[in-house]
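The values are calculated or read from the model by the stated rules, or taken from the named source; none is laboratory data. Note that the coordinates shown come from a computational prediction; the quantities given were computed from them, not determined experimentally. Note: ideal-geometry Cβ built from the backbone for every residue, glycine included; neighbour counts use all protein chains shown.
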């Protein structure tokens, strides 16, 4: 099947009634990239369970061990007090005494997070992937704690925000303006100099692409950035907070970007509970829908890692890629990933 026909089928199957315009990938050749173009769907073998994933792909340069962490929902108090109590009370109490995902014993969010880091260090992993809602809000104490623990782990890490990391519930402002404000006020150290909304890093011949979709939407710059990454000569591991919508999701509550239900009419209660701006009447941006199509049609895509729903799930989303959702890490759950050559 040629690319145009494939995109057309995806626009009908994956986005329901939405039909998107044809999409062209912009060229962005890098002079230092490996020779031998990846011109067809990546060939990979993928297996595992809710907590372990093995991916075999001969297009990478070196075996790579990864720990994926999502939805730790950390809150750190200073002298028994919390910052901005009027805007943080609900989430500071959330998952306050979580049960351990293996033992069922009551623990703490901080204790479970530190357990994951300790285990990752013993496993000598190459990378920590943190895909959002690691924090309950952008408290200065929480950010300082998280940066300190990650830096002292001695493990390389990549972080992208979720919808709670930057959100003090009830503060005035739009989603985009609040995200921009609190990322730049508090969260910047976690990005280690990279663009908070999108960036990539090549590790062992794998292009780790980080995209912030914490508002359920993708902007034009993020779309263009992904197109540039799709034109590079590396297998792509894409990491985001919110999963990509699939047609079977219509049987469940809205949970993915690109879901045709997203918008004002669907958002009848959650915006009140979360004390945030209600989703708009016009629904999804065209850039969001185009992004979903681009991801599903990307022949260099190896895997997608996400969270948000606090439950584990694995889906085949294209001939070359699976989408992996990791269980909420407030319970010490995480996903151990090995990508082998």
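Testing residue 280 on (1) more than 23 Å from residue 227 (Cβ to Cβ); (2) touching a residue at least 40 places away in the same chain (Cβ under 8 Å), one condition comes back false. Which one is that?
(2) is the only condition that residue 280 fails.
If residue 293 satisfies every condition in (1) on the phi > 0 side of the Ramachandran plot; (2) in contact with a helix residue (DSSP H, G or I) (Cβ under 9 Å, 6 or more places away or on another chain) but one, which is the exception?
The single condition residue 293 does not satisfy is (1).
Within segment 116-136, identify whether any single residue is part of a helix (DSSP H, G or I), in contact with a helix residue (DSSP H, G or I) (Cβ under 6 Å, 6 or more places away or on another chain) and surrounded by 17 or more Cβ atoms within 10 Å (Cβ to Cβ), and answer yes or no.
Within segment 116-136 (the criterion being part of a helix (DSSP H, G or I), in contact with a helix residue (DSSP H, G or I) (Cβ under 6 Å, 6 or more places away or on another chain) and surrounded by 17 or more Cβ atoms within 10 Å (Cβ to Cβ)), the answer is yes, since at least one residue qualifies.
For segment 286-341, what are the residues that are assigned to a strand (DSSP E or B), under 15 Å from residue 66 (Cβ atoms) and either over 17 Å from the mean Cα position of the chain (by Cα) or free of Cβ contacts under 8 Å to residues at least 24 places away in the same chain (or both)?
338, 339, 340
How many of the residues making up segment 89-115 are at pLDDT below 95 and either outside any loop (DSSP other than H, G, I, E, B) or closer than 30 Å to residue 202 by Cα (or both)?
Counting residues in segment 89-115 that are at pLDDT below 95 and either outside any loop (DSSP other than H, G, I, E, B) or closer than 30 Å to residue 202 by Cα (or both) gives 3.
Have a look at 200, 194 and point out the one that is part of a loop (DSSP other than H, G, I, E, B), modelled with pLDDT of 95 or more and farther than 23 Å from residue 271 by Cβ.
194
Anything in segment 255-285 that is closer than 19 Å to residue 214 by Cβ and either modelled with pLDDT under 95 or not in a loop (DSSP other than H, G, I, E, B) (or both)? List them, or say none.
255, 257, 270, 271, 273
Let me spell it out: the conditions are (1) closer than 29 Å to residue 338 by Cα; (2) under 23 Å from the mean Cα position of the chain (by Cα), and residue 177 meets all of them except one. Which number is the exception?
Going through the list (1) closer than 29 Å to residue 338 by Cα; (2) under 23 Å from the mean Cα position of the chain (by Cα), residue 177 breaks only (1).
If I ask for residues that are part of a loop (DSSP other than H, G, I, E, B) and either crowded, with 18+ Cβ neighbours inside 10 Å or in contact with a strand residue (DSSP E or B) (Cβ under 7 Å, 6 or more places away or on another chain) (or both), which ones from segment 154-191 would you list?
Hits for segment 154-191 are 155, 156, 161, 162, 163, 164, 165, 166, 167, 168, 169.
In segment 67-108, what count of residues is obtained for those that are at positive phi and either loosely packed, with under 14 Cβ neighbours inside 10 Å or in contact with a helix residue (DSSP H, G or I) (Cβ under 7 Å, 6 or more places away or on another chain) (or both)?
Selection size over segment 67-108: 6.
Would you be able to tell me the number of residues in segment 139-153 that are assigned to a loop (DSSP other than H, G, I, E, B) and either without any contact (Cβ under 8 Å) to a residue 12 or more places away in the chain or within 23 Å of residue 201 (Cβ to Cβ) (or both)?
Total satisfying the criteria: 0.
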